[in-house]
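Student: Right, I'll just put the structure down here and ask away after.
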Amino acid sequence: MSLLPYIAATISVGLTVFGAGAACGQNYPNKPIRIVTAAAGGSNDFISRIIAHGISGPLGQPVIVDNRAGGVVAADLVSKAPTDGYTLLQQSNAVWIGPLLQKVPYDPVADLAPITAMAKAPNILTVHPSVAANSVKDLITLAKAKPGDLNFASGGTGGGSHLSGELFKYLAGVKIVRIAYKGGSAAVIDLLAGRVQMLFDDVPTLMPSIKSGKLRALAVTSAEPSALAPGLPTMAAAGVPGYVFESTQGVWAAAKTPQVVIRRLNQELARLANQPEVKEKLFTNGLEPVANSPEQFGSMVKADMTSMGKVIQAAGIRAD
């Protein structure tokens, strides 16, 4: 029996499928795009609207922001969306940290296709002036001399201010006590009053009190020194090797979205992130632009899940 008819049919089917996928990508986009994100008013909403405004013209289609209550809801919706690039997710670390804290209805690696990290924001480690520490090394020495005496304020479980402190405990090998607050503003108020001693929080929240001398800044949590907090060393350089914690805002599509669509979106988002006016808007709101490849963003997510997973497991943290 000759295999030639079978081979010819197989090649024909393959070319048909390839041609359909290529055509889909070449025609993209030919209808409005939706960006699903968290509730209105926060950093996710802010960045989503910058993206919507910035890429609608070059793509030639309206880009609509769809606000949803909570990162899990937004990520789940996009993970189950059609794989055509018309439903995108814009969200922070919550996309991949959430599954480390609780059961969620999506897999951040298997169900979502990374497009790019869009922006990042470091935290600043600050102490009340009454704390006898002028550096991170001083703080570690103090914490080791009196285990359990120092405390740090934080917002909700699994948030940036919480996990920054837990990462410090884990890597520095110190015992400090978490004082949990429902919101970040209450934590800052108590830190200013001296009712708590330490806080990891974002630059816009803490910088006014640092500049006025009401709080003492010791280090920034980013991998490199940050222009948002000039003059401050990184946590790693200041005495905690390997310490990096940044809130990262990224963009995803549903898994199996054609690569030609992913590349087109990545190209437009990178162009947007490098515009001077966009950089200025982000900087004013305590954010630094990022424009990396889908592969780099995906690798970053996996690495952070591994490192923070160890911290979360060691501390026994579960979502409230």
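The values are calculated or read from the model by the stated rules, or taken from the named source; none is laboratory data. Bear in mind that the values here come from a model prediction, so they are computed numbers and not experimental data. Glycine also receives a Cβ, built like all others from the backbone with ideal geometry; neighbour counts cover every protein chain displayed.
Student: Please work out which residue is surrounded by the fewest Cβ atoms within 10 Å (Cβ to Cβ), limiting yourself to region 69-85 and to residues that are closer than 16 Å to GLY158 by Cβ and not aliphatic (A, V, I, L, M).
Tutor: Within region 69-85, the match that is surrounded by the fewest Cβ atoms within 10 Å (Cβ to Cβ) is GLY70.
Student: If you don't mind, there's one more thing I want to ask. Could you tell me whether GLY156 is in the same structural domain as SER185 (by TED's automatic domain parsing), at pLDDT below 95 and surrounded by fewer than 19 Cβ atoms within 10 Å (Cβ to Cβ)?
Tutor: Here the answer is yes, as GLY156 does meet what is asked.
Student: Based on this model, can you work out whether LEU228 counts as in the same structural domain as GLY159 (by TED's automatic domain parsing), in contact (Cβ under 8 Å) with a residue 60 or more places away in the chain and either out of contact with any Ser or Thr (no Cβ under 7 Å at 6 or more places or on another chain) or basic (Lys, Arg) (or both)?
Tutor: Criteria met by LEU228.
To keep it simple, each residue is scored yes or no on (1) at pLDDT below 95; (2) surrounded by 16 or more Cβ atoms within 10 Å (Cβ to Cβ); (3) not hydrophobic (A, V, I, L, M, F, W, C).
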site	(1), (2), (3)
PRO241	no, no, yes
THR257	no, yes, yes
ASN292	no, yes, yes
PHE297	no, yes, no
MET300	no, yes, no
LYS310	no, no, yes
ALA319	yes, no, no
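Student: Here is a follow-up. I'd like to check something: does region 25-43 contain any residue that is without any contact (Cβ under 8 Å) to a residue 24 or more places away in the chain, more than 17 Å from ALA273 (Cβ to Cβ) and in a helix (DSSP H, G or I)?
Tutor: Checked against the condition, which is being without any contact (Cβ under 8 Å) to a residue 24 or more places away in the chain, more than 17 Å from ALA273 (Cβ to Cβ) and in a helix (DSSP H, G or I), region 25-43 yields no hits at all.
Student: In addition: For the subset of region 182-222 comprising residues that are basic (Lys, Arg) and assigned to a loop (DSSP other than H, G, I, E, B), which member is farthest from HIS162 (Cα to Cα)?
Tutor: Among those that are basic (Lys, Arg) and assigned to a loop (DSSP other than H, G, I, E, B), it is LYS214.
Student: Which residues, taken from region 263-279, are buried (at least 17 other Cβ atoms within 10 Å of the Cβ) and under 20 Å from the mean Cα position of the chain (by Cα)?
Tutor: If the condition is that a residue be buried (at least 17 other Cβ atoms within 10 Å of the Cβ) and under 20 Å from the mean Cα position of the chain (by Cα), then LEU265, ASN266, GLU268, LEU269, ALA270, LEU272, ALA273, VAL278 are the ones that fit.
Student: Could you tell me how many of the residues in region 143-201 are polar (S, T, N, Q) and more than 18 Å from ASP320 (Cα to Cα)?
Tutor: Qualifying residue count for the region: 3.
Student: Considering VAL136, VAL72, VAL104, which residue is over 19 Å from MET305 (Cβ atoms) and either touching a residue at least 24 places away in the same chain (Cβ under 8 Å) or of a type outside the set (Phe, Trp, Tyr) (or both)?
Tutor: Answer to the selection: VAL136.
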